[in-house]
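The values are calculated or read from the model by the stated rules, or taken from the named source; none is laboratory data. This one's a predicted model, so the numbers in the text were calculated from it and none came from an experiment. With ideal geometry, Cβ positions are generated from the backbone for all residues, glycine too; neighbour counts draw on all protein chains shown. Each accessible area value is taken on the protein alone, full model and side chains, heavy atoms only, with ligands, DNA and RNA left out. Shrake-Rupley method; radii C 1.70, N 1.55, O 1.52, S 1.80 Å.
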Amino acid sequence: SCLFSLGMLFALSDGECHEDLTRYGCIPVVTDANIYLAVVMVSIDACLFAGFCYKWWKLINVFKLSSNNQILMEMVQSFYIQFIVTLVAMISCITDGVINL
């Protein structure tokens with residue numbers, strides 16, 4: 001899907017530069033298909049992330065039943081770090097898409 005997305009981005013994007021680059025610069029042109037494709041890819045990522053969180057939640061609930069609480073806390077802490085990093089990346093991607101609409 002990544003190669004497909006990049007191919008669509010290159011195929012459906014264009015731009016024009018003014019003769020006086022220092023004064024007017026260039027104008028990028030992006031088709032609506034690129035925007036829809038980005039929204040679809042972010043939605044797919046969000047669904048996969050939700051599935052990941054659900055599986056981890058089920059795993060943590062299984063480990064809560066065990067008597068060794070130290071292993072559980074280490075696993076939960078490592079999950080929180082991964083969760084926060086992934087959440088920041090997803091929020092950044094969504095924010096970037098909204099700003100560039």
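Numbers below:
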{"read-out": "Odd one out for Leu72, checked against (1) at pLDDT below 75; (2) within 30 Å of Gly7 (Cβ to Cβ); (3) not in a loop (DSSP other than H, G, I, E, B)", "value": "(2)"}
{"read-out": "Subset of segment 79-90 [modelled with pLDDT under 80 and over 18 Å from Leu59 (Cβ atoms)]", "value": "Met90"}
{"read-out": "Among (1) within 22 Å of Val30 (Cα to Cα); (2) at pLDDT 80 or above - the single one Cys93 does not satisfy", "value": "(2)"}
{"read-out": "Those residues of segment 12-38 which are open to solvent by 80 Å² or more (accessible area, probe 1.4 Å) and either in a helix (DSSP H, G or I) or hydroxyl-bearing (Ser, Thr, Tyr) (or both), in sequence order", "value": "Leu21, Thr22, Arg23, Tyr24, Asp32, Tyr36"}
{"read-out": "Cβ-Cβ under 9 Å pairs, at least 6 apart or on other chains, segment 20-48 side under 14 Å from Met8 (Cα atoms), far side of a type in the set (Asp, Glu) and loosely packed, with under 10 Cβ neighbours inside 10 Å", "value": "Val29/Glu16"}
{"read-out": "Boolean, Val62 is in contact with a strand residue (DSSP E or B) (Cβ under 6 Å, 6 or more places away or on another chain), open to solvent by 70 Å² or more (accessible area, probe 1.4 Å), among the aliphatic types (A, V, I, L, M) and at pLDDT below 80", "value": "no"}
